[in-house]
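Notes follow the structure.
The values are calculated or read from the model by the stated rules, or taken from the named source; none is laboratory data. Quick caveat, the model's predicted, so the values are computed rather than measured. Every residue, glycine among them, receives a Cβ derived from its backbone with ideal geometry; neighbour counts consider all protein chains shown. SASA here: full protein model, heavy atoms, side chains in, ligands and nucleic acids out. Shrake-Rupley method; radii C 1.70, N 1.55, O 1.52, S 1.80 Å.
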Amino acid sequence: METKIVIIDDHQLFREGVKRILDFEQDFEVVAEGDDGEEAVKLVEEYNPDVVIMDINMPGLNGVEATKQLIEEYPDTKVIILSIHDDETYVTHALQTGALGYLLKEMDADALVQAVRVVAEGGSYLHPKVTNSLVNEYRRLASQAQNERKYAAREIEIRRPLHLLTRRECEVLQLLADGKSNRGIGETLYISEKTVKNHVSNILQKMNVNDRTQAVVVAIKNGWVSVL
């Protein structure tokens, strides 16, 4: 059975190049071509293709918006996005709208043919360069999430010394542990430096220590502050 293909790209020369590559495959048939997203919707309705190859950047209705509309109106539509962008933001957005493939325009002929075959069978195909970007972004987000979980867990373990200090003094003590100056504490809490000095003085007196460093050391030992 032939795989029916629609090509949507506003650059005619590039579109013709893609068509020539696909025409070499005996089981591929390019049934229609268009140059914008609105035309893509019309051509899918008319030809019911197996695969739509869609440029991401087009005037009017762009490739991502057209893909979203196609999937909503024709859920079985299989779309491969063509793009010059390898940024994971573009890739993620395209996949979220329902595209099954994402190819960079620097692809070679074999990659194009393989992508069409895989997507036509219901699979997903990403350009190798794009895959690396997604993997790196996933690792970054996973590391960030892990750090946030550690911070959250550490926050839970903190026993604020509310039996000893007021809530505001606890906040000041935490910022002391973060290494902030009086000015930095004032900017963070939107209070004057004079007010900060008063809070610090009260903290030292209530904790029965001589200076800020001793206050922080005692606070850390007692689990009163979070230290990352």
Margin query: Could you tell me how many of the residues in region 102-130 are assigned to a helix (DSSP H, G or I), open to solvent by 50 Å² or more (accessible area, probe 1.4 Å) and at pLDDT below 90?
Written below: 2
Next item on the list: Please specify each residue of region 147-181 satisfying the condition of being modelled with pLDDT of 90 or more and either touching a Gly at 6+ places or on another chain (Cβ under 8 Å) or over 22 Å from residue 212 (Cβ atoms) (or both).
Entry: 175
Next item on the list: Could you name every one of the helices (runs of 4 or more DSSP H) located completely within region 1-94 that has at least 2 residues being of a type in the set (Lys, Arg)?
Entry: 12-23
Check: Does region 46-68 contain at least one residue that is of a type in the set (Ser, Thr, Tyr) and within 16 Å of residue 82 (Cα to Cα)?
Finding: yes
Item checked: Selection status of residue 30, open to solvent by less than 60 Å² (accessible area, probe 1.4 Å) and over 22 Å from residue 65 (Cα atoms) -> yes
